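First comes the structure, then the notes that go with it.
Taken together, the values in this text are just the output of simple stated rules run on the coordinates, not laboratory data. Remember, predicted model here, so these are calculated numbers, not experimental data. When we count neighbours, we look across all protein chains shown, and the Cβ atoms used for this are built from the backbone with ideal geometry, even at glycine.
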Amino acid sequence: MRDSNIVVGLDIGTTKVCVVVAEKDEAGKLNILGHGRALSEGLQRATVVNINKTVEAIRSAVADAERESSIRITGVNVGISGAHVHCINSNSEISVNQSGVVNASDVRRFLEKAKTNIRYLDIDHEIIHVIPQEFIVDDQEGVLDPIGMAGTTMRGSAYIVVGMKTKIRNIRQCVEKAGLIVNDMTFEPVASGLAVMKESERKSGVVIVDIGGGTTEVAIYIEGAIRFSEVIKVAANDVTHDVAYGIKALYEVAEELKIRHGCAYQGGREEDEEVLIEGTEGRAPKSFMKSSLTLIIEARMMEIFELIRDAVKRSGYFDYLNAGAVITGGGSLIPGTEALAAQILGLDVRGGFPEGISGGIKRSINNPMYATVMGLVAHSFENRHTGHTVEHVASDGSEPTQPPDGQDDEETGEDGQKKTFTDRLKEWWEKL
Ligand SMILES: Nc1ncnc2c1ncn2[C@@H]1O[C@H](COP(=O)(O)OP(=O)(O)OP(=O)(O)O)[C@@H](O)[C@H]1O
Ligand SMILES: [Mg+2]
């Protein structure tokens, strides 16, 4: 039996691949039915460099999530990121049809016009998303769904996310080789933002920063809509490399030291102490002061926040960030990160944990490392692309009686729910 109220997010990160199976409860919160995680060794800076290793990690994470949830996963919303992804703000203006009430065909023409602005898109790039920012119907600003509104002209803008065809194809190939259907692809900063930001922050103006292992992602929201995003190729694994280099230790040892004793802000540590590293594989044990570790970590974290500050200033939105910054991703877990970020960015800063989760395994998923995957799930619910996502497994674990055909539900809206504006928008866009 299929369940259209269940969605699956797949985050193929530089350090881990993770899967979350979730449903929405009556209160509209995400009830996590299962999750799985595997070490990721097939990516560099969020880009696939080894298909087989990535496929293996996806299979392993999916198997864990299936076991925990008793759900057979067939389709996923997969995240996409990397420095190859770029975003373009595109303006558009059309005359409303003769009836004077905005209809679907008006929106289609609006999007066609927005698309002509990116007609110089490189041949090796393709569109990942078209996110409407706002519609202005005559003089009515800030309209999110214009259909049915009376007016003579419609203006506005769309946020168009494009990426390199080959890199997108590699992600798709990995997912499909792992036996899954790609229901949807979501730009990861968009997903992380959805998971950690509050509606009031989104309206007031906020920058979301996701410090992962290989990339740091930045997304700016002003007046409810995404305005800017960027993927920076320096992140928390670089901190580990610096620690390994600085104290001359194996990468794995440096990673453990960073997590157990690391601090990103010299002002944050009160008393210095000696840290002992056990000798491994015939190496002699050695010791160093915690303050030296902090010095190494702080230097790299400062660089990361300076790059973020440069990106935010370049965006032109710095002065509009009334809600400051929300810092998420595994790299945000280094103590002192928020204090350092506040000092360098010159903004109010808070840590970003995935919001709106209910259910028994909330605790294991309520971690900034899971912001992206939780956002992928939230985005799927927003889009209601849930038709061919999962199948329940019989209680004896046997195969489902009806094999998935993988295609029909999305077309027919089997869940019987009225299509959302986003659904329609996506369909129209695909027809362009
Ligand atoms: N408790 C912790 N304290 C400090 N750092 C941590 C902690 N947990 C994880 N990290 C760091 O977070 C990083 C991984 O973060 P995350 O899981 O968000 O990355 P990812 O999604 O795999 O990578 P990317 O988004 O760049 O593709 C690693 O560098 C890891 O060392
Ligand atoms: Mg990530």
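Roughly how many debye, to the nearest 20, is the charge dipole of region 98-191 about its Cα centre, given +1 on each Lys and Arg Cβ, -1 on each Asp and Glu Cβ, and no other charges?
Working: 11 positive and 13 negative charges, 101 e Å.
Around 480 debye, computed over region 98-191.
Site pair Glu26 and Lys313 shows an inter-label distance of 5.3 nm when each label is modelled 7 Å from Cα along Cα→Cβ.
Expressed to the nearest 5 percent, the antiparallel share of DSSP beta bridges inside the chain is 80 percent. Summarising the label geometry, the points placed 7 Å from Cα in the beta-carbon direction at Gln44 and Ser364 lie 3.3 nm from one another. Our Cα-only numbers for region 198-354 put the radius of gyration and Dmax at 17.0, 59 Å.
Applying both filters, DSSP loop and at most 14 other Cβ atoms within 10 Å, to the GluC sites (Glu not before Pro) of region 118-226 gives Glu223. For the pair Gln266 and Ser70, label points projected 7 Å from Cα toward Cβ lie 5.7 nm apart.
Taking Cα atoms, how many degrees apart are the long axis of helix 421-431 and the longest axis of the chain, rounded to 10 and kept between 0 and 90? The two axes meet at around 80 degrees.
Fraction of C-alpha pairs exceeding 33 angstrom in the chain: 37 percent, rounded to a whole number.
In the chain, the longest principal axis of the Cα atoms and the axis of helix 251-261 are about 90 degrees apart. Full extension of the chain between Ala299 and Glu274 yields a length gain of 7.0 nm, computed as 0.36 nm times the residue separation minus the alpha carbon distance.
Exposure proxy check: Thr372, Thr166 ranked by fewest other beta carbons within 10 Å?
On the way: Thr372 34, Thr166 13.
Placing the least packed residue first, the sequence is Thr166, Thr372.
Rounded to whole Å and ordered largest first, report the semi-axes of the equivalent ellipsoid of region 1-147 derived from its Cα gyration tensor (root of 5λ).
Numbers: eigenvalues 284, 108, 26 Å².
Whole-Å semi-axes of the equivalent ellipsoid: 38, 23, 11.
Evaluate E = 1/(1 + (r/R0)^6) for Glu176 and Met289, where r is the Cβ-Cβ distance and R0 equals 56 Å; express this FRET efficiency to the nearest 0.05. Efficiency at R0 = 56 Å is approximately 0.65. Based on the Kirkwood radius over alpha-carbon pairs, what is the Stokes-Einstein translational diffusion coefficient of region 47-124 at 25 °C with 0.890 mPa s viscosity, in µm²/s? Roughly 142 µm²/s, to the nearest whole number. Is any residue of region 271-289 close enough, with backbone N under 13 Å, to a label point placed 7 angstrom from the Cα of Glu252 along the Cα-Cβ axis, and if so, which? It comes to 280-282, nothing else. GNM on the chain, alpha-carbon springs under 10 angstrom: the most fluctuating residue among Lys233, Lys167, Lys313 is Lys313. Within region 198-354, how many Lys pairs that are eight or more residues apart, or on different chains, come under 17 Å at the alpha-carbon? Number of lysine pairs found: 5.
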